[in-house]
Every structure is written in C-alpha cells, then in structure tokens.
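As structure tokens, the structure follows; a few thoughts come after it.
The values are calculated or read from the model by the stated rules, or taken from the named source; none is laboratory data. Predicted model, so just to flag it, every value in this text is computed and none were measured. With ideal geometry, Cβ positions are generated from the backbone for all residues, glycine too; neighbour counts draw on all protein chains shown. Calculation scope for accessible area: heavy atoms of the full protein, side chains included, ligands and nucleic acids excluded. Shrake-Rupley method; radii C 1.70, N 1.55, O 1.52, S 1.80 Å.
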Amino acid sequence: MIVISEKAKAIKTSPTLAVFSVAKKMMADGIDVINFGVGEPDFNTPEYIKEAAKKAIDENFTRYTVGAGIPELRKAIIKKLKTDNNLDYGMDEIIVTPGAKAAIETLLTTICNPGDQVIIPTPYWVSYPAQVELANGESVYFETEMSENFKINPVRLEQLIKTLSKPRAIILNSPSNPAGIVYSREELAEIAKVCIRHNIIIISDEIYEKLVYGNAEHYSIADTVPEVKNLTIVINGVSKAYAMTGWRLGYAAGPKEIIENAVKIQSHTASCINSITQKATVAALSVDDGSLEKMRQAFEERKKFMTSALNKIDHLVCIEPQGAFYCFPSIDYYIQNNSQGLKNDVELCTWLLEKKHIAVVPGSAFGVPQCLRFSYANSMENLVEGMKRFEEGLKELI
Ligand SMILES: Cc1ncc(COP(=O)(O)O)c(C=O)c1O
C-alpha cells in the first residue's frame, strides 16, 4: 500500500486548478477559450537578457555555483535594492533562489517553529497558506474589507495579533495579487509600527514592484521606519518585471542571521540556482533597454480597459487596481441572484467556462469567494472579446 504523508495530504488542491484543468482540456479540443487566468506576462524575455544567457552557455558557465548566488549577481541585487528601494544590504544578507516562490518557502522554513502563527491578509496569493503549512507554521487570516480597498487596517491588525498565542510573521504583498492594491509609504509605516510593537517578522513580497500605474509608487516596507528593516525579509525576483517566469529566479534580502540560515537550508534543497539564469539576471538588473517600460505601459492600457469594462456591468464592483496585472471584481450579486441555481464562485466560473468559453479564477482560491480574478496578461483583442462574453453571460444568468 502506498503511504502518503499527512503533510502532503493536508495541502489542498487549489479550486483554480480544477477550473483550469477543464479549460486546458477544452483548449486542447480546439475550443476557443479566452483565458483570464494567466499569471505571467504575455511578452517575450527581452533580447539582451537572452543574449547574456547564450553567452554564459558558450563560455561554459554551466556548473554548480555558490549556494547564495554568484557574487556578481548578489552585487547587482544590492545595487538594485539601493537604487530602487533606498535599502542597504551586504553580500551576506542576500540569497538567490529558484523563483520568489522558493524564496518565500525557504524563508518561512527558516523562521517558523512548529505552530508559529503567520498572518496572511485576504485576499492572498494562492500559495501562501500551503507554504506556511509546508514550513510547519499555522496560517491565520486577516480579513480585509473591500470598502477599505482590501488594505490592512493597522488597528484591526493589532487587535488580531493580541489574540494570537504564537504570532511570528505576516506576509505582505504590494503590489498585490489578486486585488492589484499598492500601499502608500504612510500606510506601510503604520503596519510597520504594529509589527515592531509585537516583534512580527514581515515577509514583504514585492514581485510586482515594477508594474504600478497612474500615481501609484512602489515602496518597500523595509524603508519606512528605521527599526523595521531588521524585522523585514524583502522578496523579489525577475519573473514578472522582465517576463522571465520560466527562468526561475527570485531572491530574498534580510538580516544576516536569517539569510545565513536560509542559505544552509537551500544548500540541501536546490543547492544553487541555474548558473545560466544567474548570468541572465545580472544582465536584466544591470541594463535598461526600455522593454520593461513598454510592458508596463501595455499593462496600464489593458488595466484601464478592464476596469472600465467591468464597472460598466450592472451590480458588479471593481476597485481600480494600481499594480500587478489582475482585476478582482465582486460578483456577489450574481451568486445570490442567478436563475441557474449556481451556489458559489466555483460554480459560476464553471458555468462561464462551459457556456461562454471564458476561464476566470474563483475568488475562493484567494480567500474571498464573493469575487473573481481576471488577469489582463492577454492581448487587447482577447480582453475585448472575453469581456463581451462575460457581460453576455451575466445577463443570461439573471
Ligand atoms: C504574489 C506572488 N508572489 C510570488 C510569485 C512567484 O513568483 P516566481 O515566479 O518568482 O516564483 C507569484 C507568481 O504568480 C505571485 O503572484
């Protein structure tokens, strides 16, 4: 008999995956499904980055590297953190990981003792709860309100912390997936003060840093009030900013003691990151050929279209995202008032997929079942057609 560990069994398969495995099958059968579920830029990796990778291969830079990441790359990351985020780090305060996802996982493993509580604000990125469980921590959800733009209310955060027995960390995500919210420097400072008062480590996932729109500006919480840097682990990477999702490179910056222990753990898991990707990332971080800004502008244009198209639909409310590439409208009215007997967001998404051939992610995957997530990492043509189908679908539903 095959035995599966309790830990593996406890990890839930995301409802996202259930809807998307059907969507993928439909697409494979030649059905024209408009996919609003994409979590990655629909652009190619810029040429100069690919050239750097080709050069690394030609020069046989193909062996194991030091576990924390090649010094040249860590230096480039240090420079980036100084220039973009006004943060000073030393070489032993940086670890390069196989994606930001692995950075979060390794760092959670580094800081969590069994049962330590990690606060996850809702709506959250789908992987956070499973990552906390894998690190033997316990996820505690902080429910934000749509009326407060899905942002953390520091007073309520402090109230929650006071009720916890083993509060250890909070995962902060700005710009955020799925709601596209971006915290101002002042808002971050208020959250920082609460964390300082209760000695809570902040895992600050800044992977969408480069995708901000309108007047929004990205700040790292580590640069808000002086004492908070020592409590913060900054997570970032190149997947979203440089259209490099398949290359797998992320990194974490934080206090030496934490990073050294993370490097120790990684030496027994990934060993090191793909040597070619590391060289490509040095190029990505050191050169600006304008492609990043071009992508950002394209996303901003799509965001404007999506927000306005969604808000034109009766009984639907969508907060204007300020970053990332997702819209997260509330569709609660249609769950409560439909003629098809659909009882929840997953059933609504399944109906939209089957009847209208659009794939949208149910909000329950992010802890908010009143909403749906639309990714606009798709061509304008597809977005226009997809929104037409969505609107028609909702009309047919009531
Ligand atoms: C909020 C958030 N953090 C982290 C990641 C993971 O990024 P990476 O490709 O660097 O592992 C994603 C990817 O979707 C994300 O949405």
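Tally time: how many residues in the stretch 68-91 are over 19 Å from Tyr219 (Cα atoms), out of contact with any strand residue (DSSP E or B) (no Cβ under 8 Å at 6 or more places or on another chain) and either open to solvent by 90 Å² or more (accessible area, probe 1.4 Å) or not aliphatic (A, V, I, L, M) (or both)?
Number satisfying all stated conditions: 4.
Using the structure shown, decide if Ser239 is assigned by TED's automatic domain parsing to the domain that holds Thr277, polar (S, T, N, Q) and touching a Gly at 6+ places or on another chain (Cβ under 8 Å). I'd like the intermediate steps shown before the answer.
Working: assigned by TED's automatic domain parsing to the domain that holds Thr277: yes; polar (S, T, N, Q): yes; touching a Gly at 6+ places or on another chain (Cβ under 8 Å): yes.
So Ser239 fits the description; yes.
For the stretch 256-277, does any single residue satisfy the condition of being within 14 Å of the ligand (Cβ to nearest atom), in a helix (DSSP H, G or I) and either of a type in the set (Asp, Glu) or open to solvent by less than 40 Å² (accessible area, probe 1.4 Å) (or both)?
yes
Can you tell which of Ser176, Ser147, Ser165 is assigned by TED's automatic domain parsing to the domain that holds Asn274 and under 21 Å from the mean Cα position of the chain (by Cα)? Lay out the reasoning, then the answer.
Details: Ser147 fails: under 21 Å from the mean Cα position of the chain (by Cα); Ser165 fails: under 21 Å from the mean Cα position of the chain (by Cα).
Testing whether each residue is assigned by TED's automatic domain parsing to the domain that holds Asn274 and under 21 Å from the mean Cα position of the chain (by Cα) leaves just Ser176.
Determine which single condition Glu227 fails, assuming it passes every other condition in (1) assigned to a strand (DSSP E or B); (2) more than 14 Å from the ligand (Cβ to nearest atom).
Checking Glu227 against (1) assigned to a strand (DSSP E or B); (2) more than 14 Å from the ligand (Cβ to nearest atom), the one that fails is (1).
Sort through Val126, Val132 and tell me the only one that's open to solvent by 40 Å² or more (accessible area, probe 1.4 Å), within 15 Å of the ligand (Cβ to nearest atom), over 20 Å from Asn230 (Cβ atoms) and touching a residue at least 12 places away in the same chain (Cβ under 8 Å). Give the derivation first.
Working: Val132 fails: open to solvent by 40 Å² or more (accessible area, probe 1.4 Å).
That would be Val126, the only listed residue that is open to solvent by 40 Å² or more (accessible area, probe 1.4 Å), within 15 Å of the ligand (Cβ to nearest atom), over 20 Å from Asn230 (Cβ atoms) and touching a residue at least 12 places away in the same chain (Cβ under 8 Å).
Would you mind telling me which numbered condition in (1) closer than 21 Å to Asp92 by Cα; (2) of a type in the set (Val, Ile, Thr); (3) more than 16 Å from the ligand (Cβ to nearest atom); (4) in a strand (DSSP E or B) Val140 fails?
Checking Val140 against (1) closer than 21 Å to Asp92 by Cα; (2) of a type in the set (Val, Ile, Thr); (3) more than 16 Å from the ligand (Cβ to nearest atom); (4) in a strand (DSSP E or B), the one that fails is (1).
Please specify each residue of the stretch 278-315 satisfying the condition of being open to solvent by less than 70 Å² (accessible area, probe 1.4 Å), of a type in the set (Lys, Arg) and either more than 28 Å from Lys80 (Cα to Cα) or outside the structural domain of Thr245 (by TED's automatic domain parsing) (or both).
Arg296, Arg302, Lys303
How about the stretch 322-336: which of its residues are among the hydroxyl-bearing types (Ser, Thr, Tyr), part of a strand (DSSP E or B) and open to solvent by less than 10 Å² (accessible area, probe 1.4 Å)? Lay out the reasoning, then the answer.
Let us first name the residues in the stretch 322-336 that are among the hydroxyl-bearing types (Ser, Thr, Tyr), namely 326, 330, 333-334.
Now drop any that are not part of a strand (DSSP E or B), which leaves 326, 330.
Matches in the stretch 322-336: Tyr326 only.
Being aliphatic (A, V, I, L, M) and either over 15 Å from Tyr128 (Cα atoms) or at pLDDT below 85 (or both) is the filter here; which residues of the stretch 1-25 pass it? Quick ask: steps written out before the conclusion?
First pass over the stretch 1-25, keeping only residues aliphatic (A, V, I, L, M): 1-4, 8, 10-11, 17-19, 22-23.
Within the stretch 1-25, Met1, Ile2, Val3, Ile4, Ala8, Leu17, Ala18, Val19, Val22, Ala23 qualify.
So how many residues does the stretch 231-255 have that are within 16 Å of the ligand (Cβ to nearest atom) and either farther than 20 Å from Asp92 by Cβ or surrounded by fewer than 18 Cβ atoms within 10 Å (Cβ to Cβ) (or both)?
So the count comes out to 11.
What single numbered condition from (1) part of a helix (DSSP H, G or I); (2) more than 24 Å from Ile207 (Cβ to Cβ); (3) touching a Phe, Trp or Tyr at 6+ places or on another chain (Cβ under 6 Å) fails to hold for Leu342?
Looking at each condition in turn, Leu342 falls short on (1).
For the stretch 13-94, which helices (runs of 4 or more DSSP H) that fit wholly inside it have 1 or more residues that are of a type outside the set (S, T, N, Q) and within 30 Å of Glu354 (Cα to Cα)?
Values: elements: 15-28, 47-58, 71-85.
In the stretch 13-94, 15-28 are the helices (runs of 4 or more DSSP H) which contain 1 or more residues that are of a type outside the set (S, T, N, Q) and within 30 Å of Glu354 (Cα to Cα).
Considering only residues that are within 15 Å of the ligand (Cβ to nearest atom) and either more than 28 Å from Ala130 (Cα to Cα) or assigned to a loop (DSSP other than H, G, I, E, B) (or both), which ones fall in the stretch 95-117?
The first filter runs over the stretch 95-117 and keeps only residues within 15 Å of the ligand (Cβ to nearest atom), leaving 95-108.
Scanning the stretch 95-117 gives Pro98, Gly99.
Can you go through Tyr213, Tyr242 and tell me which one is aromatic (Phe, Trp, Tyr) and either in contact with a Leu (Cβ under 9 Å, 6 or more places away or on another chain) or on the phi > 0 side of the Ramachandran plot (or both)? Before you say what the answer is, go through the steps one by one.
Numbers: Tyr213 fails: either in contact with a Leu (Cβ under 9 Å, 6 or more places away or on another chain) or on the phi > 0 side of the Ramachandran plot (or both).
Just one listed residue meets the conditions, Tyr242.
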